[in-house]
Amino acid sequence: MHGALRALLGPLPFAALLVACEGSDAQFATRIDPALGATRHAVSVLGAYQDGRPSSEAWDLVAPSLTSALRSSRCELGYNTLVASSDPRADLIEEHARGDRSTEELVANVGPGAQGDLILVVQVDGNLPDRERVASKMRGGGGRSAAPQSLGGHTSGRLGGMPGRGSLATTTSFEGAGDSALLDRSMLGITASFFSVRDGRVVASVSMDYTGARAEEASEKFAAKLVRSLPEMTCVGWRWDSPSALAPRAPAAPSDALPPTGVPGLTNGI
């Protein structure tokens, strides 16, 4: 699992880590709380993170395959609705993406708006490898090719200074350490984390490290693994009629009792 996302979610002690390689270009890690059971679950999708912030580009990458995996043609993103209505909970989501808010705080504030019993957050990091450059190096060519295919205009192999994926990283071997290192820096990672609205914690996660060359293939492989790991998931929406616990206090009514401005240590209002 992505190191920065693991720090956001906390430890996952509920199940043994299952690591599987499917083909030469995809490696998966799955953790599922046994208490989740084989029953059907309704999932409210909060959004996708990339570079330590909510990202429409990251969601666009996974949306076609992921919404199908969740038995829907379209999944409403809770974050988008909150932004459109200037709800302060949108700021909390952004803080959670940066690692400044805990999962417990996130679920406590957005959970009441979820129509499902689970909340889904997707994390995307890394880039697709530049296979042409690797092939050129293996042929002994010195020409430069385009930078690794990036998401959202980013070209670095890691997002926003986030640490790499540690022991779950997939290493593709070529003749020469330089070629292997090139692909290691150009790995695409996708993680789906499911939070329990009731318990306020992560109860399942599916992660993939992909070293292939096609974003569409990466999305399809990830969605297929998600269906095999969590087959009874259905996408539902949000209902934001509950008041936000983060809503700012209303301004105080004008009063003659308020101290004048300019007095050290005192201000008007709140």
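Number of residues in segment 51-67 that are small (Gly, Ala, Ser) and either under 22 Å from Glu95 (Cα atoms) or without any contact (Cβ under 8 Å) to a residue 12 or more places away in the chain (or both): the value is 4. At pLDDT below 95 and in contact with a Leu (Cβ under 8 Å, 6 or more places away or on another chain): does that describe Asp51? Yes; evaluated as a whole, the condition is true for this residue. Out of all the residues in segment 69-89, is one or more crowded, with 19+ Cβ neighbours inside 10 Å, modelled with pLDDT of 95 or more and in contact with a Lys or Arg (Cβ under 6 Å, 6 or more places away or on another chain)? Yes, because at least one residue in segment 69-89 is crowded, with 19+ Cβ neighbours inside 10 Å, modelled with pLDDT of 95 or more and in contact with a Lys or Arg (Cβ under 6 Å, 6 or more places away or on another chain). Scanning segment 43-68 for residues that are surrounded by fewer than 23 Cβ atoms within 10 Å (Cβ to Cβ) and assigned to a helix (DSSP H, G or I) yields a total of 10. Residue pairs whose Cβ atoms lie under 6 Å apart, sitting 6 or more positions apart in sequence or on different chains, and linking a residue in segment 204-230 that is within 18 Å of Gly126 (Cα to Cα) to a partner that is of a type in the set (Val, Ile, Thr) and surrounded by fewer than 18 Cβ atoms within 10 Å (Cβ to Cβ), are Thr211/Thr172. Just one of the listed residues (Val107, Val43) is over 29 Å from Leu128 (Cβ atoms), out of contact with any helix residue (DSSP H, G or I) (no Cβ under 8 Å at 6 or more places or on another chain), of a type in the set (A, V, I, L, M, F, W, C) and modelled with pLDDT of 95 or more, and it is Val107.
Output the qualifying pairs, or none if there are none: Cβ atoms under 8 angstrom, residues six or more apart or on different chains, first residue in segment 70-88 and over 15 Å from Ala114 (Cβ atoms), second residue part of a loop (DSSP other than H, G, I, E, B). As it stands, the answer is Ser85/Trp240; Pro88/Ser244; Pro88/Leu246; Pro88/Ala247; Pro88/Pro248, since those pairs meet every condition given.
The values are calculated or read from the model by the stated rules, or taken from the named source; none is laboratory data. Bear in mind that the values here come from a model prediction, so they are computed numbers and not experimental data. Virtual Cβ from ideal backbone geometry, glycine too; neighbours counted across all protein chains shown.
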